[in-house]
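First the structure, in the form of structure tokens, and then the observations on it.
None of the figures in this text is laboratory data; all of them are computed from the coordinates on show. Being a predicted model, the structure only gives us computed values, none of them experimental. Using ideal geometry, Cβ is built from the backbone for each residue, glycine included, and neighbour counts are taken over all protein chains shown.
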Amino acid sequence: MSERARVRRTVVVLPLVCGLLLTGSACGGGGGGKKEKAEATPTSSAERQKFAKTRFVANAGLAAGAAYQWIIKPYRNGAFRKGADGRTGALVKAGLAGAFTYNRLKAATRNAQGDPTLAKALAPVNSGIDSLKNLGTKLRKGDANDADVNSVDKVIGQVKDAGRSAGAPVTDKTPSVSELQKG
């Protein structure tokens, strides 16, 4: 068996085995008819802040990637102009990306609330994020103009700057079309 096949099998089998072990140990054997109360393990303030930044970076990165790949780049390349080849498909994808971008930016805003520095840095951008609420509909209908696309670009830039200033640099992560559809 090749090295590549062995690694691939390990990557598939290891999470399955771990999942089975965790599931089996979670069932427990506490009989006696007494119900035991499950308690969540407390996390420290530092851990909550770290996870808040991590989730913020993930959500903001997906929003930035979707906005650039499916809205900004096609618009600048003329894919939304009347008579352009593939215009309908580009508009549908842009509409999905607009809704996805808004959704991920709102999630990133909620994530930022777990870290005081990040929340403070992101506060001035919230109104810009809220202005993107109807972006997906405008794009899908073909009603978007330069100002709409530039506002998306500006808000994404502001979110990236806010993350960078709070120690959570955001990099673009382009979602697939199927991920856009899932929201």
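Brief remarks follow.
- Positive-pole candidate from 75, 149, 97, dipole of the stretch 48-182, charges at beta carbon: 97
- Ranked for footprinting exposure by Cβ neighbours inside 10 Å, fewest first, 75, 68 give 68, 75.
- Applying 0.36 nm per residue to the separation of residue 179 and residue 161 and subtracting their alpha-carbon distance, the gain on full extension is 3.9 nm.
- Taken over the stretch 48-182, the percentage of Cα pairs per 10 Å bin, counting from 0 up to the bin with the maximum distance, is 14, 46, 29, 10, 2, 0.
- Residue order, fewest to most surrounding Cβ atoms within 10 angstrom, among 130, 146: 146, 130
- Over 29 Å between alpha carbons, listed pairs 73/106; 141/173; 82/160; 73/120: 82/160; 73/120
- With a Förster radius of 45 Å applied to the beta-carbon distance between residue 117 and residue 143, the computed FRET efficiency rounds to 0.75.
- Exposure proxy ranking, count of Cβ atoms within 10 Å, fewest first, for 140, 81: 81, 140
- Using R0 = 25 Å, the C-beta based FRET efficiency linking residue 77 and residue 127 works out to 0.25.
- Taken one residue at a time, the phi angles of the stretch 116-133 give Karplus couplings (6.51, -1.76, 1.60, θ = phi - 60°) of x, 5, 5, 4, 5, 5, 8, 3, x, 8, 4, 5, x, 5, 4, 5, 8, 3 Hz. Gly and Pro are set to x.
- Karplus-derived HN-Hα couplings along the stretch 56-61 (A = 6.51, B = -1.76, C = 1.60, θ = phi - 60°), whole Hz, x at Gly and Pro: 4, 4, 5, 5, 5, x
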